[in-house]
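Below is one structure, written out as structure tokens; the observations come after it.
The values are calculated or read from the model by the stated rules, or taken from the named source; none is laboratory data. These numbers come from a predicted model, not from an experiment. As a convention, Cβ positions derive from the backbone with ideal geometry for all residues, glycine included, and neighbour counts pool all protein chains shown. SASA here: full protein model, heavy atoms, side chains in, ligands and nucleic acids out. Shrake-Rupley method; radii C 1.70, N 1.55, O 1.52, S 1.80 Å.
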Amino acid sequence: SQIQTDFMTQTGMNPYYHEDGCTATSLSLMDGGEMVFLLPDEGLSITDLLKDTSRLSRVFSALSGARSGVSNAETAIVTLSLPKFQVSSTLDMENMLKQMGVTDAFSEKADFTNLFPSGAQSVSLSSIQQQVTVSVDEKGCEAAALTKVAMAGSAAVLSNNRQTVTLD
């Protein structure tokens with residue numbers, strides 16, 4: 001089945017790389033990063049392309065070296081056409097952090113006294129999530145990310161003094 005969607009088309013001087021199996025280009029981001037676009041050759045799925053870590057390493061190395069002229073990729077006038085899109089994702093990072101050895105922060109062994117110097121008691125991390133949104137259209141690529149940290153436990157009440165601040 002086919003899906004109808006709006007495409008964006010942009011022409012500019014960009015890195016271009018082709019090897020048996022895929023074609024790749026990238027767009028520069030304002031912060032100095034790059035967004036890489038991979039197109040597998042006919043008969044090769046994107047899943048198979050992404051599983052081939054040695055090929056991905058060659059592609060990324062070639063594209064990053066193209067801007068400085070030290071790779072077998074070239075800088076070319078590339079016309080890039082792709083669907084406009086916006087994608088969002090939320091990643092629960094607790095298990096990943098625990099696999100990396102960050103375990104005490106999620107248990108009663110956690111020590112957050114530097115964050116709560118006035119009497120935190122049994123405070124630990126209860127969850128960490130990374131949320132990301134990326135959108136691409138003719139104006140360019142926009143990406144935003146945030147990390148949400150939730151803590152569990154109790155902390156001493158520091159004051160009953162209440163104040164109001166209005167920013168208008």
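Side notes on the structure shown:
- Selected residue [open to solvent by 30 Å² or more (accessible area, probe 1.4 Å), farther than 30 Å from V149 by Cα, of a type outside the set (K, R) and touching a residue at least 40 places away in the same chain (Cβ under 8 Å)] from F37, F60: F37
- Among the residues here, R55 does not qualify as among the basic types (K, R) and at pLDDT below 90.
- Within segment 69-83, residues that are surrounded by 11 or more Cβ atoms within 10 Å (Cβ to Cβ) and at pLDDT below 90 sit with their Cβ atoms under 6 Å from residues that are among the hydrophobic types (A, V, I, L, M, F, W, C) and in a strand (DSSP E or B), at 6+ positions apart or across chains, in these pairs: T75/M13.
- Tabulated pairs, segment 6-20, first aromatic (F, W, Y), second part of a strand (DSSP E or B) and open to solvent by 60 Å² or more (accessible area, probe 1.4 Å), C-beta under 8 angstrom, 6+ apart or interchain: F7/S81; Y16/E74; Y16/T75; Y17/E74
- Restricting segment 72-104 to residues that are assigned to a loop (DSSP other than H, G, I, E, B) and farther than 27 Å from M35 by Cβ, the residue that is farthest from the chain's Cα centre (by Cα): T103
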